[in-house]
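Novice: Attaching a single structure in structure tokens format; questions to follow.
Since every read-out is calculated from the coordinates, none of them should be taken as a lab result. Predicted model, so just to flag it, every value in this text is computed and none were measured. All Cβ positions, glycine included, derive from the backbone under ideal geometry; neighbour counts span all protein chains shown.
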Amino acid sequence: MQFGHKGRLEDGRMLTGRGRYVSDWQLPGQAFGSFVRSDRAHAEILSIDSSAALAMPGVVAVITGEDVREAGLKPMPAAAPMKGIGGAEQRPTPRPALAQGRVRYVGEPVALVVAESQVAAQDAAEALAIDYRELPAVVDARAALAPGAPQLHADIPGNLVLDFAGGNEAATEAAFARAARVVRLEAYHTRVVGNPMEPRAGVGAYDAATETYQLYACTQGATGMRGQMATVLGVPAEKIRVIAEEVGGGFGVRFNIYPEYCALLLAAKKLGRPVKWVGTRSEMFLADEQARDIFHRGELAVDGSGRILGMRFDFTCNLGAYLAFTGAFVNTVNLVNVASGVYDVQAVHVKAKLAVTNTVPAAAYRGAGRPVSSYAIERLIDQAAHELGIDAADFRRRNLVPKSKFPYKIATGFEYDCGDFEGVLDKALAAADWKGFPGRKNDSKRRGFLRGRGISTYIESSGAGGFAPYDQVSIAWDEDARITLRATSHSHGQGHETTYAQIVAGVLGVPMEGIRLRTADPDMNMVGNPTGGSRSLLGVGSVLLMASQEVVKQGLALAAEALEAAAADIEFKDGKYRIKGTDRAVAITELAKKHRGRLDIDMKERKVGATYPNGCHVAEVEIEPQTGTTEIVRYTACDDAGTIVNHQIVEGQMQGGITQGAGHIFGEQAVYDAGSGQLLNGSFMDYPMPRAVLVNNLKVTDYPVPTKTNPLGAKGVGEAGVTGSMPCLMNAVMDALRQAGVEHFDMPASPLRVWQALQAVQRGHP
Ligand code: MCN
């Protein structure tokens, strides 16, 4: 099948301001909400006095944790509980929609003030008097697990939610026992704030006649949120509609429900009118899920010839004050599903301790665990190459899973479907002019710069889609033979409208401009996975492909009737059914117009399996020693995303992912004060988002190895850029710093930290 289209169908609408975001929705009779948030990291709530707020003009209601309790709302759910070592259960961290009795992080919603206008609600929120008794707080996962740490939840002794392990411990011990050398690396994967472009907002409404809730929300997929919300509200998911059109970015932090959404629905039902809330940017620093915040220790066992014998990793993960729906999943399954990276090694053991702390709950963020695993593996591999004195690319090549070994089962039980890791490596090295580096390094040196080169050969898992039993899609024709596609994965920047239309148009031979996509309509009641795990194309896209092929089959009988010929004598091509060898034909669009509904289809498909995108990234950076400023001077990405439907979109996804990884490596970090538990950099004044100039030398190329696990042959691409770029860039920074004598360095490679590391060397502290 040929795919080809320039530009994206959604671009015109978005670029001309015709996109409808959540704050654009206005419902008749709506009131406005403002949340009062805890300004303490850990405290008991002694009393809440709403009287002054309620007396203010335009104030309709003040809703607190007591109202939530009275209404019988359940705590927000955590995804399928993971099992710990020896089958131990994950400990629950009951999280009410509004705090009840205790607050556990700065920013936790305590009350919702509802008023006739946004301004009145905000003013009244400031008049709420809350009396707290402060408790000691802990913001670091290792400190939280230490004896004597402040305890967050009565039922979680030692703040340990889950002690998880995967892989083969005995085989790994044996491998380390016979190793010629053991290489070690410890690193901290800093905490980040998701910061999608659109600050989160919501409108809650309730229809008493049908007992149905409506939530207009920023969502990556209505289905997942409906399921989670059903648990909280104690009603079937069919009684909840999640509605969205444009969603201005998600990066994983628009996957789950939030306390604010639960409170808005409760308020709407209680007050008998819709309630709208639009979060501010600084509110998002405390209200949106955050991510990463993982300390790890890695060890690599190597034999005398530079072959890897075994790997082990020990992760300590900061989950924040409550377990977010995706919190445990990303720090367990997604740390072990690519546990040995692209390397042919069976002795692998991974441990992860999941701790609660007095910080904003942490959840999925682009890559959701895989960048953490990739960072741990690829930095360790680089450290080993350095210590062994082997070229970093050669060391990798010696240890790659060979093409002949696919499908390749890794020690943690997951199976890589296909790949050609060496082919990817070769193409990347050639495109990056790996061999020409020494000359460029000398040139930089002459100019007074430290030039470092980094490489990563990453792999990640995409496609399992375990959040729904199947992916449901529908194709419906209207009277003008235009098509409406319905699916459950919501596009929030990925261009699904274009790529799904390409697939369907490619099969049906109709213009893709006549195809529209709906994913979160008020009347939509479908089952399927939200957008996440870089699986929308291979999961939902594959079902759309199958559904389109089914439509063609459905049309055959109608064509046979129209052409007065036997179905066996008819072929379908370029949108027309034709009697073979003749020019007698009928267009599928004609049949769709004539037989309304007969070419519509609703398909549920559960056969699409996981697949493993992978790639090799090579970066060169230049550090200016006087200022610590680092510039990415060359960046080459070569990725295996299987069959590519839209090259322009895939390139954009890679650029976005690489930029996000670069932002994390070079500056982004949520910094909490250890004593007070306050987030110290909760605004764009202090929290450095990546700018275009950071990544202006990107070269993106591909090396497709189509998979057989889905009919498109596609692998995911949405997160690959992050997973590949983080270790690659840090390895490049490290390579440059080593030249000055720095032996260990952790992200973020901000100018100050790089400069301090260089200064420390000069003072004799490498
Ligand atoms: N695609 C393709 N060929 C392939 C693979 C993908 O043409 N072989 C296209 C797809 O059709 C789709 C896009 O590339 O238009 C991304 O597809 P896919 O890899 O299936 O990923 P998803 O659509 O499931 O997107 C999820 C992924 C995740 S998990 C995060 S987080 C993320 C991301 O995508 N957040 C994003 N990309 C983002 N991009 C933007 N602009 N904003 C976000 O919040």
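Novice: To the nearest whole percent, what portion of all C-alpha pairs in the range 647-691 is separated by more than 11 angstrom?
Specialist: 70 percent
Novice: Give the percent of DSSP beta bridges with both residues in the range 612-704 that are antiparallel, rounded to the nearest 5. Walk me through the numbers before you get to the answer.
Specialist: On the way: 12 of 17 bridges.
Here the antiparallel bridges make up roughly 70 percent for the range 612-704.
Novice: Please give every one of the aspartates and glutamates within straight-line cross-link reach of Lys353, meaning a C-alpha to C-alpha distance under 15 Å, and leave out same-chain neighbours fewer than 8 residues apart.
Specialist: Cross-link targets: Glu89, Asp140, Asp163, Asp293, Asp314.
Novice: Modelling each spin label as a point 7 Å along the Cα-to-Cβ direction, I'd like the Glu513/Thr210 distance in nm, to one decimal.
Specialist: If labels sit at Glu513 and Thr210, their model points lie 3.5 nm apart.
Novice: If a/c stays under 1.5 just call it rounded; otherwise compare a/b with b/c (prolate if a/b is bigger, oblate if not). Do that for the chain, with a ≥ b ≥ c from the square roots of the Cα gyration tensor eigenvalues.
Specialist: Oblate.
Novice: Placing +1 on the Cβ of each Lys and Arg and -1 on the Cβ of each Asp and Glu in the range 372-499, which of Ala428, Gly463, Gln383 has its Cα farthest towards the positive end of the resulting dipole?
Specialist: Checked the options; the winner is Gln383.
Novice: Shifting gears a bit: Considering only DSSP states other than H, G, I, E and B, which trypsin sites (Lys or Arg not before Pro) in the range 367-469 qualify as loop sites with at most 12 other Cβ atoms within 10 Å?
Specialist: Arg447
Novice: Next question, about the same structure. Could you tell me the relative contact order of the range 217-262? Use alpha-carbon pairs under 8 Å, at least six residues apart, and round to a whole percent.
Specialist: Relative contact order for the range 217-262 comes out at 54 percent.
Novice: Spin-label point model (7 Å from Cα, Cβ direction): what's the Val235 to Ala80 distance in nm?
Specialist: 2.8 nm
Novice: A further question follows. What shape does the range 99-155 take by its C-alpha gyration tensor, where a ≥ b ≥ c are the square roots of the eigenvalues and a/c under 1.5 counts as rounded, a/b above b/c as prolate, and the rest as oblate?
Specialist: Judged from the Cα gyration tensor, the range 99-155 comes out prolate (a/c at least 1.5, a/b above b/c).
Novice: Identify all aspartates and glutamates with a Cα-Cα distance to Lys270 below 13 Å; exclude those on the same chain that are fewer than 8 residues away in sequence.
Specialist: Asp67, Glu70, Asp207, Glu211
Novice: If each residue of separation counts as 0.36 nm, what is the full-extension length gain between Arg763 and Lys409 once their alpha-carbon separation is subtracted? Don't skip to the answer; put the middle values down first.
Specialist: Values: separation 354, 0.36 × 354 = 127.44 nm, distance 4.84 nm.
Contour length minus Cα-Cα distance gives 122.6 nm.
Novice: Show me the ranking of peptides 543-550, 639-646, 490-497 by mean Cβ neighbours inside 10 Å, starting with the highest.
Specialist: Values: 543-550: 21.8, 639-646: 25.5, 490-497: 24.0.
In descending order of packing, they fall as 639-646, 490-497, 543-550.
Novice: Quick one: order Ser444, Ser534 by neighbouring beta-carbon count within 10 Å, fewest to most.
Specialist: Least to most surrounded, the residues fall as Ser444, Ser534.
Novice: Something else about it: What FRET efficiency do you get for Tyr470 and Ala177 if R0 is 60 Å and r is their Cβ-Cβ distance, rounded to the nearest 0.05?
Specialist: Taking R0 as 60 Å, the efficiency between Tyr470 and Ala177 is 0.85.
Novice: A follow-up question, please. Given 0.36 nm per residue, what is the gain on full extension from Asn697 to Leu752 after removing their alpha carbon distance, in nm?
Specialist: The Asn697-Leu752 span can extend by a further 17.5 nm.
Novice: Under the definition of Cα pairs under 8 Å and six or more residues apart, what whole-number percent is the relative contact order of the chain?
Specialist: This gives 15 percent for the chain.
Novice: Have a look at Gly224, Ala757, Asn529 and report the one farthest towards the positive end of the charge dipole of the chain, computed about the Cα centre with Cβ charges (Lys/Arg +1, Asp/Glu -1).
Specialist: Comparing the listed Cα positions along the dipole, Ala757 ranks first.
Novice: Taking a quarter of the surface of the Cα convex hull of the range 252-316, what do you get in nm²?
Specialist: 7.4 nm²
Novice: Please list the helices of the chain that count as membrane-span-like by this rule: a mean Kyte-Doolittle hydropathy of at least -0.5 together with Cα atoms stretching 27 Å or more along the helix axis, each helix being a complete DSSP H run. Display every interim value, and only then the final one.
Specialist: Values: long enough: 542-563 (31 Å, 1.03); 647-666 (28 Å, -0.12); 720-739 (30 Å, 0.53).
Length and hydropathy pass: 542-563, 647-666, 720-739.
Novice: Shifting gears a bit: Among 697-706, 113-122, how do they line up from the highest to the lowest mean number of other beta-carbon atoms within 10 Å? Walk me through the intermediate numbers first.
Specialist: Values: 697-706: 18.1, 113-122: 19.7.
Most protected by this proxy first, the peptides run 113-122, 697-706.
Novice: Taking a quarter of the surface of the convex hull around the Cα atoms of the range 519-629, what do you get in nm²? Mind showing how you got there, number by number?
Specialist: Working: hull surface 56.2 nm².
For the range 519-629, averaging the hull's shadow over all directions gives 14.0 nm².
Novice: Can you tell me the length gained on complete extension of the stretch Asp574 to Asp394, counting 0.36 nm per residue apart and subtracting the Cα distance?
Specialist: Once the chain is fully extended between Asp574 and Asp394, it gains 59.9 nm.
Novice: Same structure again: So how do 724-733, 512-521 stack up, highest first, on mean other-Cβ count within 10 Å?
Specialist: 724-733, 512-521
Novice: Taking each pair of different alpha-carbon atoms in the range 199-333 once, compute 1/r for the pair, average those values, and report the inverse of that mean as the Kirkwood hydrodynamic radius in Å to one decimal.
Specialist: 17.2 Å
Novice: I've got another one for you. Could you give each residue of the range 156-168 its phi-based ³J(HN,Hα) in whole Hz, using Karplus coefficients 6.51, -1.76, 1.60 with θ = phi - 60°, and x for Gly or Pro?
Specialist: For the range 156-168, the Karplus-derived couplings read 10, x, x, 6, 9, 7, 7, 10, 10, 8, x, x, 10 Hz, x marking Gly and Pro.
Novice: Taking square-rooted eigenvalues a ≥ b ≥ c of the alpha carbon gyration tensor, is the range 283-343 rounded, prolate or oblate, where a/c under 1.5 means rounded and, failing that, a/b exceeding b/c means prolate?
Specialist: Numbers: a/c = 3.59, a/b = 2.90, b/c = 1.24.
Prolate, because a/c is 1.5 or more and a/b exceeds b/c.
Novice: Quick one: order Leu266, Leu15 by neighbouring beta-carbon count within 10 Å, fewest to most.
Specialist: Fewest-to-most ranking of Leu266, Leu15: Leu15, Leu266.
Novice: Once you keep just the Cα pairs under 8 angstrom separated by 6 or more residues, what percentage relative contact order results for the range 24-173?
Specialist: 37 percent
Novice: Taking the Cβ-Cβ separation of Thr484 and Met197 as r and a Förster radius of 22 Å, what is the calculated FRET efficiency to the nearest 0.05?
Specialist: Taking R0 as 22 Å, the efficiency between Thr484 and Met197 is 0.25.
Novice: While we're here: Please find the FRET efficiency linking Asp443 to Arg281, where r is the Cβ-Cβ separation and R0 is fixed at 51 Å, and quote it to the nearest 0.05.
Specialist: 0.75
Novice: Right, something else. Counting only DSSP beta bridges with both residues in the chain, tell me the antiparallel percent, nearest 5.
Specialist: Details: 101 of 126 bridges.
So the antiparallel bridges in the chain amount to around 80 percent.
Novice: If you don't mind, another one. Quick one: of Lys435/Lys715; Lys427/Lys715; Lys351/Lys403; Lys74/Lys351; Lys74/Lys239, which pairs are farther than 22 Å apart, Cα to Cα?
Specialist: Working: Lys435/Lys715 30 Å; Lys427/Lys715 19 Å; Lys351/Lys403 29 Å; Lys74/Lys351 32 Å; Lys74/Lys239 16 Å.
The pairs that break the limit, which is 22 Å between Cα atoms, are Lys435/Lys715; Lys351/Lys403; Lys74/Lys351.
Novice: For the range 52-109 and the range 273-304, write down the distance between their C-alpha centroids in whole Å.
Specialist: Using only Cα atoms, the two centres lie 19 Å from each other.
Novice: Quick one: what does P(r) look like for the range 30-100 with 5 Å bins over all Cα pairs, in whole %?
Specialist: All Cα pairs considered, the percentages come to 3, 11, 17, 18, 17, 12, 9, 5, 4, 2, 1, 0.
Novice: For Lys699, list the aspartates and glutamates whose Cα falls under 14 Å from its own Cα; do not include residues on the same chain fewer than 8 positions away.
Specialist: Straight-line reach from Lys699, under 14 Å: Asp433, Glu620, Asp639, Glu651.
Novice: Tell me, how many Å apart are the Cα centres for the range 550-628 and for the range 429-488?
Specialist: Value for the Cα centre distance between the two parts: 25 Å.
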